[in-house]
2 protein chains.
Amino acid sequence: MVQDSDAFAADLLRGHTDTIVLGVLRRGESYGFEIYKTIRDATGGAHEIKEATLYAAYRRLEKDGLVESFWGDETQGGRRKYYRITDAGRAVYQRNVAAWTATRDIIDSLLDPRGSGRAPERH
Amino acid sequence: MVQDSDAFAADLLRGHTDTIVLGVLRRGESYGFEIYKTIRDATGGAHEIKEATLYAAYRRLEKDGLVESFWGDETQGGRRKYYRITDAGRAVYQRNVAAWTATRDIIDSLLDPRGSGRAPERH
DNA sequence: GTCGAGTACTGTATCTGATCAAGTACTCGA
DNA sequence: TCGAGTACTTGATCAGATACAGTACTCGAC
């Protein structure tokens, strides 16, 4: 959809979800819902990455060996599945950040967003 | 796919295609293949937005009234379909650039790409 | 004079990540 | 005990991107 952009259009983050999750886990292990809240808070409460999207990403990342999971030993109460980034995950993360940086600069140059507080083409 | 990122992973630009096309047309009317070449050149030859993707975007944008098209009067040779951004298109473009800027900063803050040549968190 | 590369546009089928919608299950404070 | 919040899961569906294929014209090379 082209039109709406209340705060964010639907899937502007698409394709970056895995990298974002790796970016959160790079700082330390965490569990599913906490990662979700971290991202939600980072987006200023506009939490446009939905739970289902993230849980799908966790599975994808684990299948690819980029994160590993284990159940926390919450003796009482709600179970939590923790995730930890692997070495392979860190390597992919580095590459994906580079890809993001390049992509970001390309879009910036094509959109030329004046007044965005950032000067394009300065180096 | 998480893994590969030779130059760009598959659809990192996803969701931004329409905005990018509007960004090109904002500078002046153009025809389909020329827009394609403009974007391809901007990406340093790594043309990750495919022709079919763009032609699909043109149709979408026209359907939504954000661009209008007309056939060029190439008296000799290949027909060219020209596109011109409409007022509605400019309005949407402005909003989408704002959405892009916000999205970009969120991803930047989550990825914290040090050494990207850009200092996060400065305001 | 035709052959291939490049230009230029189109259509259809398929893939994949994101989302919707719903459900399960536990905790804790009112 | 009831509702809100925490925490995870699954299945169906959507839409944009891509693969693949095709049509048609131009122009330089051979």
### Task
Quantify how strongly other chains surround peptide A:16-25 by giving the mean number of their Cβ atoms within 10 Å of each of its Cβ atoms.
4
### Query
Once both labels are modelled 7 Å past Cα along the beta-carbon direction, what's the residue B:29-residue B:60 spacing in nm?
2.4 nm
### Query
Where a ≥ b ≥ c are the square roots of the eigenvalues of the C-alpha gyration tensor, would you call the stretch B:17-109 rounded, which needs a/c under 1.5, or, failing that, prolate if a/b is larger than b/c, or oblate?
oblate
### FRET efficiency for residue B:84 and residue A:14, using Cβ-Cβ distance with R0 set to 30 Å, rounded to 0.05
0.55
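Here, each number is a calculation from the coordinates, and none is a lab measurement. Source: prediction; values computed, not measured. Ideal geometry is used to build each Cβ from the backbone, glycine not excepted, and the neighbour counts take in all protein chains shown.
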